[in-house]
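A.B. asks: Take a look at this one; I'll ask things after.
The values are calculated or read from the model by the stated rules, or taken from the named source; none is laboratory data. Just so it is clear, the structure is predicted and the values come from calculations on it, not from any experiment. Cβ sites come from the backbone with ideal geometry, for glycine too, and all protein chains shown count toward neighbours. Note: accessible area is taken over every heavy atom of the protein model, side chains too, but ligands, DNA and RNA are not part of it. Shrake-Rupley method; radii C 1.70, N 1.55, O 1.52, S 1.80 Å.
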Amino acid sequence: NEPEKRGFFRFFELYFRNFWKLISAEFWYILLCIPLVTNGLAQVGMAYVCRTAARDKHTFVTSDFFDAIKKNWKRALPLGIINLLLLAIFAADIFVILFTDIFASKAIRSIMFAVTMFMFTLFSFARFYQYMLMITFDFKLRTIFKNSWLFATLGIKHNIIIGVTLALLYFAAFWLIYINVEVGVLAVILVGVFIFPTFRTFLIQFNVFPEVKKYIIDPYYKEHPDEDIEKRRELGLIENDEQEAVFDDETNG
(Lines give C-alpha, C1' and ligand atoms only; values in the text may rest on other atoms or scores of the structure.)
Protein backbone atom coordinates (compact mmCIF):
# COMPACT_ATOMS: atom_id res chain seq x y z
CA ASN A 1 0.00 0.00 0.00
CA GLU A 2 3.01 2.30 -0.23
CA PRO A 3 2.25 5.39 -2.36
CA GLU A 4 3.74 5.15 -5.85
CA LYS A 5 6.79 7.35 -6.38
CA ARG A 6 6.84 9.81 -9.24
CA GLY A 7 9.29 10.97 -11.87
CA PHE A 8 12.97 10.74 -10.96
CA PHE A 9 12.36 8.55 -7.90
CA ARG A 10 10.03 6.21 -9.77
CA PHE A 11 12.60 5.78 -12.53
CA PHE A 12 15.37 4.66 -10.20
CA GLU A 13 13.02 2.53 -8.12
CA LEU A 14 12.03 0.54 -11.20
CA TYR A 15 15.55 0.51 -12.65
CA PHE A 16 17.20 -0.94 -9.56
CA ARG A 17 14.30 -3.31 -8.94
CA ASN A 18 14.96 -4.80 -12.38
CA PHE A 19 18.72 -4.21 -12.45
CA TRP A 20 19.89 -7.81 -12.68
CA LYS A 21 17.23 -8.74 -15.21
CA LEU A 22 18.34 -5.86 -17.39
CA ILE A 23 21.97 -6.86 -17.01
CA SER A 24 21.13 -10.42 -18.07
CA ALA A 25 19.44 -9.02 -21.20
CA GLU A 26 22.70 -7.23 -21.94
CA PHE A 27 24.35 -10.54 -22.89
CA TRP A 28 21.93 -11.16 -25.76
CA TYR A 29 22.07 -7.50 -26.77
CA ILE A 30 25.86 -7.46 -27.09
CA LEU A 31 25.86 -10.80 -28.89
CA LEU A 32 23.44 -9.53 -31.53
CA CYS A 33 25.25 -6.20 -31.88
CA ILE A 34 28.57 -7.83 -32.82
CA PRO A 35 27.49 -8.13 -36.47
CA LEU A 36 26.36 -4.52 -37.03
CA VAL A 37 23.68 -5.53 -39.51
CA THR A 38 21.71 -7.27 -36.74
CA ASN A 39 21.77 -4.23 -34.48
CA GLY A 40 18.06 -3.65 -35.10
CA LEU A 41 17.23 -7.10 -33.74
CA ALA A 42 19.18 -6.38 -30.56
CA GLN A 43 17.42 -3.04 -30.21
CA VAL A 44 13.89 -4.42 -30.52
CA GLY A 45 14.55 -7.24 -28.06
CA MET A 46 16.05 -4.88 -25.51
CA ALA A 47 13.28 -2.32 -26.06
CA TYR A 48 10.61 -4.90 -25.22
CA VAL A 49 12.35 -6.08 -22.03
CA CYS A 50 12.96 -2.49 -20.90
CA ARG A 51 9.44 -1.35 -21.75
CA THR A 52 8.02 -4.20 -19.67
CA ALA A 53 10.29 -3.32 -16.74
CA ALA A 54 9.52 0.40 -17.07
CA ARG A 55 5.80 -0.40 -16.95
CA ASP A 56 6.44 -2.35 -13.70
CA LYS A 57 5.43 -5.67 -15.25
CA HIS A 58 7.12 -9.04 -14.84
CA THR A 59 9.43 -10.09 -17.66
CA PHE A 60 10.99 -13.41 -18.57
CA VAL A 61 14.12 -11.86 -20.01
CA THR A 62 15.34 -14.41 -22.53
CA SER A 63 11.96 -15.57 -23.82
CA ASP A 64 10.58 -12.01 -23.99
CA PHE A 65 13.74 -10.76 -25.71
CA PHE A 66 13.57 -13.34 -28.48
CA ASP A 67 9.77 -13.30 -28.76
CA ALA A 68 9.99 -9.58 -29.55
CA ILE A 69 12.60 -10.32 -32.21
CA LYS A 70 10.50 -13.14 -33.68
CA LYS A 71 7.43 -10.90 -33.95
CA ASN A 72 9.23 -7.84 -35.30
CA TRP A 73 12.36 -8.95 -37.17
CA LYS A 74 10.99 -8.09 -40.62
CA ARG A 75 10.82 -4.44 -39.55
CA ALA A 76 13.61 -4.35 -36.96
CA LEU A 77 16.33 -5.70 -39.25
CA PRO A 78 15.94 -3.12 -42.05
CA LEU A 79 15.32 -0.34 -39.51
CA GLY A 80 18.64 -1.08 -37.83
CA ILE A 81 20.48 -1.07 -41.16
CA ILE A 82 18.85 2.19 -42.27
CA ASN A 83 19.77 3.87 -38.98
CA LEU A 84 23.38 2.73 -39.31
CA LEU A 85 23.54 4.17 -42.83
CA LEU A 86 22.06 7.47 -41.68
CA LEU A 87 24.52 7.65 -38.78
CA ALA A 88 27.37 7.05 -41.23
CA ILE A 89 26.08 9.85 -43.48
CA PHE A 90 25.86 12.28 -40.54
CA ALA A 91 29.37 11.32 -39.42
CA ALA A 92 30.72 11.84 -42.94
CA ASP A 93 28.97 15.21 -43.23
CA ILE A 94 30.39 16.43 -39.92
CA PHE A 95 33.89 15.25 -40.91
CA VAL A 96 33.71 17.04 -44.27
CA ILE A 97 32.43 20.25 -42.68
CA LEU A 98 35.02 20.35 -39.88
CA PHE A 99 38.14 18.82 -41.40
CA THR A 100 38.14 19.64 -45.11
CA ASP A 101 38.39 22.86 -47.12
CA ILE A 102 35.24 22.30 -49.13
CA PHE A 103 33.71 25.47 -47.62
CA ALA A 104 35.92 28.48 -48.21
CA SER A 105 33.78 30.76 -46.06
CA LYS A 106 33.78 30.28 -42.29
CA ALA A 107 30.23 31.63 -42.17
CA ILE A 108 28.97 28.98 -44.60
CA ARG A 109 30.89 26.30 -42.69
CA SER A 110 29.24 27.40 -39.43
CA ILE A 111 25.79 27.44 -40.99
CA MET A 112 26.22 23.98 -42.52
CA PHE A 113 27.51 22.62 -39.22
CA ALA A 114 24.55 24.11 -37.33
CA VAL A 115 22.04 22.69 -39.83
CA THR A 116 23.69 19.26 -39.74
CA MET A 117 23.71 19.16 -35.93
CA PHE A 118 20.08 20.29 -35.82
CA MET A 119 19.04 17.49 -38.18
CA PHE A 120 21.17 15.00 -36.25
CA THR A 121 19.47 16.05 -33.00
CA LEU A 122 16.02 15.54 -34.52
CA PHE A 123 17.14 12.18 -35.91
CA SER A 124 18.39 11.17 -32.45
CA PHE A 125 15.08 12.23 -30.87
CA ALA A 126 13.14 10.27 -33.50
CA ARG A 127 15.17 7.13 -32.78
CA PHE A 128 13.99 7.23 -29.16
CA TYR A 129 10.49 6.30 -30.39
CA GLN A 130 11.13 3.86 -33.21
CA TYR A 131 11.31 0.61 -31.27
CA MET A 132 8.62 1.64 -28.79
CA LEU A 133 6.26 2.17 -31.74
CA MET A 134 7.37 -1.11 -33.29
CA ILE A 135 6.72 -3.31 -30.25
CA THR A 136 3.50 -1.55 -29.27
CA PHE A 137 1.73 -1.14 -32.62
CA ASP A 138 1.41 -3.11 -35.83
CA PHE A 139 2.69 -0.17 -37.87
CA LYS A 140 4.45 -0.54 -41.18
CA LEU A 141 8.07 0.61 -41.28
CA ARG A 142 7.14 3.75 -43.22
CA THR A 143 4.58 4.68 -40.56
CA ILE A 144 7.12 4.10 -37.79
CA PHE A 145 9.53 6.52 -39.49
CA LYS A 146 6.83 9.14 -40.00
CA ASN A 147 5.47 8.94 -36.45
CA SER A 148 8.91 8.85 -34.83
CA TRP A 149 9.83 12.10 -36.60
CA LEU A 150 6.57 13.64 -35.42
CA PHE A 151 7.40 12.61 -31.85
CA ALA A 152 10.83 14.23 -32.23
CA THR A 153 8.99 17.53 -31.76
CA LEU A 154 5.75 16.46 -30.03
CA GLY A 155 7.67 14.85 -27.18
CA ILE A 156 10.23 17.61 -26.84
CA LYS A 157 10.06 17.73 -23.02
CA HIS A 158 10.94 14.06 -22.53
CA ASN A 159 13.33 14.14 -25.49
CA ILE A 160 15.34 16.87 -23.80
CA ILE A 161 15.35 14.93 -20.52
CA ILE A 162 16.74 11.87 -22.30
CA GLY A 163 19.18 13.89 -24.41
CA VAL A 164 20.58 15.91 -21.50
CA THR A 165 20.94 12.81 -19.31
CA LEU A 166 22.84 10.94 -22.03
CA ALA A 167 24.97 14.00 -22.81
CA LEU A 168 25.97 14.29 -19.15
CA LEU A 169 26.96 10.61 -19.11
CA TYR A 170 29.05 11.04 -22.27
CA PHE A 171 30.70 14.11 -20.75
CA ALA A 172 31.44 12.18 -17.55
CA ALA A 173 33.07 9.42 -19.60
CA PHE A 174 35.34 11.86 -21.46
CA TRP A 175 36.17 13.67 -18.21
CA LEU A 176 37.13 10.41 -16.52
CA ILE A 177 39.40 9.48 -19.41
CA TYR A 178 40.91 12.96 -19.37
CA ILE A 179 41.89 12.88 -15.69
CA ASN A 180 43.20 9.28 -15.79
CA VAL A 181 43.50 7.54 -19.15
CA GLU A 182 44.12 3.99 -17.91
CA VAL A 183 41.40 3.93 -15.26
CA GLY A 184 39.03 5.99 -17.39
CA VAL A 185 39.26 3.79 -20.46
CA LEU A 186 38.81 0.61 -18.40
CA ALA A 187 35.81 2.04 -16.54
CA VAL A 188 34.20 3.34 -19.73
CA ILE A 189 34.61 -0.02 -21.48
CA LEU A 190 33.17 -1.98 -18.56
CA VAL A 191 30.22 0.36 -18.05
CA GLY A 192 29.71 0.77 -21.78
CA VAL A 193 29.51 -2.97 -22.35
CA PHE A 194 27.74 -4.27 -19.24
CA ILE A 195 25.53 -1.42 -17.97
CA PHE A 196 25.09 1.56 -20.29
CA PRO A 197 23.07 -0.01 -23.16
CA THR A 198 20.38 -1.28 -20.80
CA PHE A 199 20.35 1.97 -18.82
CA ARG A 200 20.00 3.97 -22.03
CA THR A 201 17.16 1.80 -23.35
CA PHE A 202 15.37 1.79 -19.99
CA LEU A 203 15.72 5.58 -19.79
CA ILE A 204 14.21 5.92 -23.25
CA GLN A 205 11.35 3.48 -22.69
CA PHE A 206 10.47 5.06 -19.33
CA ASN A 207 10.28 8.55 -20.83
CA VAL A 208 8.75 8.01 -24.26
CA PHE A 209 5.80 5.90 -23.13
CA PRO A 210 3.88 8.89 -21.64
CA GLU A 211 4.16 10.69 -24.99
CA VAL A 212 2.98 7.65 -26.97
CA LYS A 213 0.15 7.15 -24.49
CA LYS A 214 -0.92 10.80 -24.74
CA TYR A 215 -0.96 11.07 -28.52
CA ILE A 216 -1.88 7.54 -29.69
CA ILE A 217 -3.10 5.21 -26.94
CA ASP A 218 -5.45 7.53 -25.06
CA PRO A 219 -7.18 8.90 -28.19
CA TYR A 220 -7.64 5.36 -29.50
CA TYR A 221 -9.30 4.12 -26.32
CA LYS A 222 -11.44 7.20 -26.07
CA GLU A 223 -12.97 6.04 -29.36
CA HIS A 224 -12.85 2.31 -28.50
CA PRO A 225 -13.38 2.09 -24.72
CA ASP A 226 -14.27 -1.61 -24.58
CA GLU A 227 -11.51 -3.23 -26.66
CA ASP A 228 -8.58 -5.46 -25.68
CA ILE A 229 -8.52 -5.41 -21.90
CA GLU A 230 -5.72 -7.97 -21.64
CA LYS A 231 -3.39 -5.92 -23.82
CA ARG A 232 -3.91 -2.82 -21.75
CA ARG A 233 -3.15 -4.80 -18.61
CA GLU A 234 0.08 -5.91 -20.26
CA LEU A 235 1.02 -2.28 -20.76
CA GLY A 236 0.30 -1.54 -17.10
CA LEU A 237 -2.54 0.86 -17.89
CA ILE A 238 -5.19 -0.98 -15.86
CA GLU A 239 -5.14 -3.48 -13.03
CA ASN A 240 -6.61 -6.97 -13.23
CA ASP A 241 -9.92 -5.96 -11.67
CA GLU A 242 -10.50 -2.88 -13.82
CA GLN A 243 -12.79 -3.18 -16.82
CA GLU A 244 -11.09 -0.85 -19.28
CA ALA A 245 -9.87 -1.20 -22.86
CA VAL A 246 -6.63 -2.43 -24.39
CA PHE A 247 -5.12 -2.85 -27.84
CA ASP A 248 -6.08 -5.78 -30.06
CA ASP A 249 -5.49 -5.61 -33.80
CA GLU A 250 -3.84 -2.22 -33.33
CA THR A 251 -0.95 -3.71 -31.35
CA ASN A 252 1.35 -6.69 -31.51
CA GLY A 253 3.65 -6.51 -28.51
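A.B. asks: Among the listed residues A104, A92, which satisfies the condition of being part of a helix (DSSP H, G or I) and surrounded by fewer than 16 Cβ atoms within 10 Å (Cβ to Cβ)?
C.D. replies: Within the list A104, A92, the selection yields A92.
A.B. asks: Moving on. Kindly indicate the residue of the range 107-116 that is of a type outside the set (F, W, Y) and surrounded by 14 or more Cβ atoms within 10 Å (Cβ to Cβ) and also nearest to H158 (Cα to Cα) among those meeting that condition.
C.D. replies: T116
A.B. asks: Considering L79, L87, L22, which residue is part of a helix (DSSP H, G or I) and free of Cβ contacts under 8 Å to residues at least 60 places away in the same chain?
C.D. replies: When all the criteria are applied, what remains is L87.
A.B. asks: Based on this model, can you work out whether I177 counts as in contact with a helix residue (DSSP H, G or I) (Cβ under 6 Å, 6 or more places away or on another chain), in a helix (DSSP H, G or I) and open to solvent by less than 20 Å² (accessible area, probe 1.4 Å)?
C.D. replies: No, not satisfied.
A.B. asks: Residues F60, F66, F125, F99: which one is modelled with pLDDT of 95 or more, of a type outside the set (G, A, S) and over 26 Å from Y215 (Cα atoms)?
C.D. replies: F66
A.B. asks: If I filter the range 129-141 for residues that are open to solvent by 10 Å² or more (accessible area, probe 1.4 Å) and under 26 Å from I23 (Cα atoms), do I get at least one hit?
C.D. replies: yes
A.B. asks: Based on what the data block shows, is M119 out of contact with any strand residue (DSSP E or B) (no Cβ under 6 Å at 6 or more places or on another chain), open to solvent by less than 80 Å² (accessible area, probe 1.4 Å) and either under 23 Å from N207 (Cα atoms) or not in a helix (DSSP H, G or I) (or both)?
C.D. replies: Here the answer is yes, as M119 does meet what is asked.
A.B. asks: Next question. Collect the residues in the range 48-76 that are part of a helix (DSSP H, G or I) and open to solvent by 40 Å² or more (accessible area, probe 1.4 Å), keeping them in residue-number order.
C.D. replies: T62, S63, F66, D67, K70, K71, W73, K74, listed by residue number.
A.B. asks: Listed residues L154, L190, L176, L166; which is among the aliphatic types (A, V, I, L, M) and either touching a residue at least 60 places away in the same chain (Cβ under 8 Å) or touching an Asp or Glu at 6+ places or on another chain (Cβ under 6 Å) (or both)?
C.D. replies: L154
The rows are residues; the columns are (1) in a helix (DSSP H, G or I); (2) small (G, A, S); (3) surrounded by fewer than 15 Cβ atoms within 10 Å (Cβ to Cβ).
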residue	(1), (2), (3)
I160	yes, no, yes
A167	yes, yes, yes
A172	yes, yes, yes
L186	yes, no, yes
G192	yes, yes, yes
T198	yes, no, no
I204	yes, no, no
N207	yes, no, no
